[in-house]
1. Filter region 15-40 for residues that are in contact (Cβ under 8 Å) with a residue 12 or more places away in the chain and in contact with a strand residue (DSSP E or B) (Cβ under 6 Å, 6 or more places away or on another chain); which is nearest to residue 52 (Cα to Cα)?
2. Residue 52 - would you say it is at pLDDT 90 or above and surrounded by 11 or more Cβ atoms within 10 Å (Cβ to Cβ)?
3. How about region 11-32: which of its residues are assigned to a loop (DSSP other than H, G, I, E, B), surrounded by 10 or more Cβ atoms within 10 Å (Cβ to Cβ) and either touching a helix residue (DSSP H, G or I) at 6+ places or on another chain (Cβ under 7 Å) or at pLDDT below 80 (or both)?
């Protein structure tokens, strides 16, 4: 990728997700499901890591919906 200039006040998350999304879109469909992924203090296989993250999203969206 070429060099990109981001506004200094733009949070890190949008910058990193914009740059990583194309790479993930290319690597995830072809990568092995048992590839180890570091998650905080644990190492999980890729398939379990993605499943865990999806469950967390559902739970947090549900919490948000209840709080509104």
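The values are calculated or read from the model by the stated rules, or taken from the named source; none is laboratory data. These numbers come from a predicted model, not from an experiment. Cβ: placed from backbone, ideal geometry, glycine included. Neighbour counts: every protein chain shown.
1. 37
2. The answer is yes for residue 52.
3. 31
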